[in-house]
Every structure is written in structure tokens, then in C-alpha cells.
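The values are calculated or read from the model by the stated rules, or taken from the named source; none is laboratory data. Computed from a predicted model, the values in this text were never measured in an experiment. Cβ sites come from the backbone with ideal geometry, for glycine too, and all protein chains shown count toward neighbours. Please note that ligands, DNA and RNA were not included when accessible areas were found on the heavy atoms of the full protein model with its side chains. Shrake-Rupley method; radii C 1.70, N 1.55, O 1.52, S 1.80 Å.
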Amino acid sequence: MNSQSARWNGVIDRYAKYLPVSDATPLVSLSEGNTPLVRVDNFVEAIGGKFELWLKYEGLNPTCSFKDRGMTMAVSKAKERGAQVVICASTGNTSASAAAYAARAKMKCVVLLPHGNIAQGKLAQALMYGAITVSVQGNFDEALRIVRELGETGKVDVVNSINPVRIEGQKTAAFEICDQLGRAPDFHFLPVGNAGNITAYWKGFKEYHAAGLADRLPRLFGFQAAGAAPIVDGHPIEKPQTVASAIRIGNPASWQGATNASKESNGHIGKVTDEEIIHAYKTIARTDGIFVEPACAAPLAGLIQCVKAGTIPPGSVITATMTGHGLKDPDNAIKAAGFEPFVVEATKAAVMKVIGL
Ligand code: F0G
């Protein structure tokens, strides 16, 4: 399984040693992982920080989100067991990823989406990859409850992050960050929705540290949207609301994993308003040319809060996960941009006039 060739063959091939796979596991991969870690000095300057910030640009995975790391594991293991149908509930990215990997594995895929509440690009992906797409008149938490019940019939394989192999795949992002930086960061920031990813990162950082491949353990700082912040508020939210539809979740499946990661790492789970999210979303696009979906701006907004509060020691090395690509959610992008294209006659003079020449 672990060919370790010079060519990148995805996260299972690269990190097989740390994953529950064997020679009997069929490799279902789209060459996910190996995403860029981009230093963003302009953003740091714009927010008045005195530290290094590196963004793990997970929007550059094959289906444009971090979910592909977990899905290569979940679908490979499902195929190994001889499963025929995979199923998930999703705010859009898990479903896009499940649909793509199931297609590649020649398996059937069923996705349950909160009706009217997922970004257009993600809906397009589920439909294009050919998943049986079910729009549930309810929110993500209700869709996940139905998926759990269907999983108990034994007729379908659940590929949400309640399936522990999803977490195993996703922890490889923490490995890559240490490999790319040549050390572990002092802080790692990321958005929190169903809380699988923060759980996975903490597991990954701990395992790499134990293997002697990372010199320290980072403090994990996770951020929820203020209208969907059950962990911060200390109770499930029945009707979660936020512009960041990816993390519009009221009762996270990995709640405990998130609180453990925060406590054990001396970290923090905080919340940011939609206004703070939109501000950070526009800022990172305009200072450093990195276009992410709104959920990714939650940890950036959280970092701005930390700068204001003075909680980051000068000289710190910080990493943050940009979980999904900005093109997933064109509607919010066009709304947030704050201006429309100039429509002009097809003449040089008309163009000169609007650009002020
Ligand atoms: N960012 C994006 C872009 C996401 O799609 C998600 C979760 C998260 C952050 C939060 O990660 O759930 O591990 O805490 N999306 C799931 C989905 C819920 O269905 O695509 P988490």
C-alpha cells in the first residue's frame, strides 16, 4: 500500500503507516492532500499582528474541500468490506466528496442535504457526480439523525465523521503541516461545525509528536459562528443560523472530541458573528488573493479577536485551515464583494471613463 513513490498518490499512499489500512484495502483515491501551505504576511499586516500566519489551503483538494482526506479512507474501507451504498448527511462538502469517491469506487451514493441551505457549487457537485440527492425539509442535525437510523439497518455505510476512519484520514492534514513547516506550529486555528476536523487535527498533531516528527504540540483554537455555537454556549442549538452554511450545525457529533482538543492543548473554542466572518472573508481575498468559503473566515475572524485581546505572543508561528474553496459559494461571494461589474458600451472611451483614465 505504501509505495512512497516520487509521484503524489494521495494521503493513504503517503501516510499508510499511520492509518488503519492493509494490503487488502483497495485504494480509492483522487490524489487528495499535498495542499499548499501559504504564508500570508499582507493579511497579518492588515490586522496588526506580530506573528507568522500560514494557511493550509484545503480548497485545492480534488472536490475543493478538506473532506477528501477523510473520504478516501471512508470509501476505501467501505469497499474493502464489500459495501454497495454509502450515505451521508451534509451541509454540502461531505456530500460532494462522498459522491466523487463513490463514483470512483463504482458504488452508489446517497446524500441528505438541508433543503435550501447549501451553497450552489456544492449542490452542483452532488448532482454532477451522480449521487442520489435528497433535500430534507429540516436542518443538518435532523438529516444526520435520519442517516444514523438508516445506518442501523445495515443496508448502507455511513461516511459522516461519526465513522471513525474519516477522522483517521483527516488527521493527515496535521502531518502535512508539520512536514511543510519543518516543525509544528505554536497555534492552529480552524472552523468548527460538526467538530470532526478539530478532533482529527488534535489526533494528528499528537501522533506526529509521539513519533518524534514534530517538536511541539500546538494550541488548538476552534471557532463557531455565533448563531450556531453550541459548544461555546454549552447547549445544542435547535435552529442554528449563520451565513457560513457549512458550519450551520446545532448539535455536533464530535462535541466531546472538540472540547478534549481544546482542553488538552490549552486551546480555545470561541464564536464570531456573521459580520466578523464576512469582514475576514473579504479581507483575506483582497490582501493575499486567497478565496475561501465563508466558514473558513471564522478562524480568521477569531484570530482578529485574539489580536485585539492581545492573546498571541509576538513571534508565534500560527497555521490555520482554509477548509473549502471560495468558488463553492458564488452567491455569498457576489453579495459580499460590495460592488457589481461596470456595464459599458464596447468602446475604448467607455472603458477609459469607468476606470478613470
Ligand atoms: N469548513 C467547511 C468548509 C466545512 O464544510 C465544514 C463541515 C467545516 C468547516 C467544519 O468541519 O464539521 O469537521 O467541524 N462540513 C460538513 C459537511 C458538516 O457536511 O460538509 P467539522
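This table checks each residue for (1) touching a helix residue (DSSP H, G or I) at 6+ places or on another chain (Cβ under 7 Å); (2) more than 30 Å from ALA301 (Cα to Cα).
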residue	(1), (2)
GLY33	yes, no
GLU45	no, no
ARG69	yes, no
THR72	yes, yes
VAL75	yes, yes
ILE87	yes, yes
* To do: Search region 65-117 for residues being basic (Lys, Arg) and open to solvent by 10 Å² or more (accessible area, probe 1.4 Å), and hand back the single one that is farthest from the chain's Cα centre (by Cα).
  => ARG81
* Structure fact -> Among residues of region 18-53 being aromatic (Phe, Trp, Tyr) and under 19 Å from GLY310 (Cα atoms), the residue surrounded by the most Cβ atoms within 10 Å (Cβ to Cβ) is PHE43
* Would it be correct to say that LEU213 is of a type in the set (A, V, I, L, M), open to solvent by 60 Å² or more (accessible area, probe 1.4 Å) and away from the ligand (no atom under 11 Å from the Cβ)? -> yes
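Among PRO218, PRO185, which is the only one that is touching a Phe, Trp or Tyr at 6+ places or on another chain (Cβ under 6 Å) and more than 13 Å from the ligand (Cβ to nearest atom)? Talk me through it step by step, then tell me what you get.
Details: PRO185 fails: touching a Phe, Trp or Tyr at 6+ places or on another chain (Cβ under 6 Å).
None of the other options fit; the residue is PRO218.
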* Asked: Is it the case that some residue within region 252-266 is buried (at least 18 other Cβ atoms within 10 Å of the Cβ), away from the ligand (no atom under 15 Å from the Cβ) and touching a residue at least 40 places away in the same chain (Cβ under 8 Å)?
  -> yes
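What tally of residues in region 262-282 results from selecting those that are farther than 29 Å from HIS209 by Cβ and assigned to a helix (DSSP H, G or I)? Steps first, answer last, please.
The first filter runs over region 262-282 and keeps only residues farther than 29 Å from HIS209 by Cβ, leaving 273-282.
Narrowing further to those that are assigned to a helix (DSSP H, G or I): 274-282.
Residues flagged as farther than 29 Å from HIS209 by Cβ and assigned to a helix (DSSP H, G or I) within region 262-282 amount to 9.
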* Filter result (of a type in the set (A, V, I, L, M) and under 24 Å from the mean Cα position of the chain (by Cα)) within region 201-212 -> none
* **Flag for ASP13 being modelled with pLDDT of 95 or more, open to solvent by 50 Å² or more (accessible area, probe 1.4 Å) and out of contact with any His (no Cβ under 6 Å at 6 or more places or on another chain)** => no
* If you scan region 75-99, which residues turn out to be among the aliphatic types (A, V, I, L, M) and more than 13 Å from the ligand (Cβ to nearest atom)? -> VAL75, ALA78, ALA83, VAL85, VAL86
* Given (1) open to solvent by 10 Å² or more (accessible area, probe 1.4 Å); (2) away from the ligand (no atom under 16 Å from the Cβ); (3) not hydroxyl-bearing (Ser, Thr, Tyr), where does PRO62 come up short, assuming only one miss? -> (2)
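Just give me the residues in region 188-206 being more than 7 Å from the ligand (Cβ to nearest atom) and open to solvent by 10 Å² or more (accessible area, probe 1.4 Å), in sequence order. Even if it seems obvious, please write down each step before you answer.
Start the filter on region 188-206 by keeping residues that are more than 7 Å from the ligand (Cβ to nearest atom), which leaves 188-190, 199-206.
THR199, TRP202, LYS203, LYS206, listed by residue number.
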* Asked: Taking interchain pairs and intrachain pairs at least six residues apart, which have beta carbon atoms under 7 angstrom, with the first residue in region 112-138 and free of Cβ contacts under 8 Å to residues at least 24 places away in the same chain and under 22 Å from ASP157 (Cβ atoms) and the second open to solvent by 70 Å² or more (accessible area, probe 1.4 Å) and of a type outside the set (D, E, K, R)?
  -> SER135/HIS115
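Among ARG183, ARG145, ARG248, which is over 24 Å from ALA320 (Cβ atoms), among the charged types (D, E, K, R) and either open to solvent by less than 30 Å² (accessible area, probe 1.4 Å) or modelled with pLDDT of 95 or more (or both)?
Details: ARG183 fails: over 24 Å from ALA320 (Cβ atoms); ARG248 fails: over 24 Å from ALA320 (Cβ atoms).
ARG145 is the lone residue from the list that is over 24 Å from ALA320 (Cβ atoms), among the charged types (D, E, K, R) and either open to solvent by less than 30 Å² (accessible area, probe 1.4 Å) or modelled with pLDDT of 95 or more (or both).
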* State whether one or more residues within region 106-113 are within 13 Å of the ligand (Cβ to nearest atom) and among the charged types (D, E, K, R). => no
* Asked: Residues in region 159-166: is at least one more than 12 Å from the ligand (Cβ to nearest atom) and either more than 18 Å from GLY70 (Cα to Cα) or touching a residue at least 40 places away in the same chain (Cβ under 8 Å) (or both)?
  -> yes
* Would you call ALA285 more than 15 Å from the ligand (Cβ to nearest atom), in a helix (DSSP H, G or I) and under 27 Å from ASN61 (Cα atoms)? -> yes
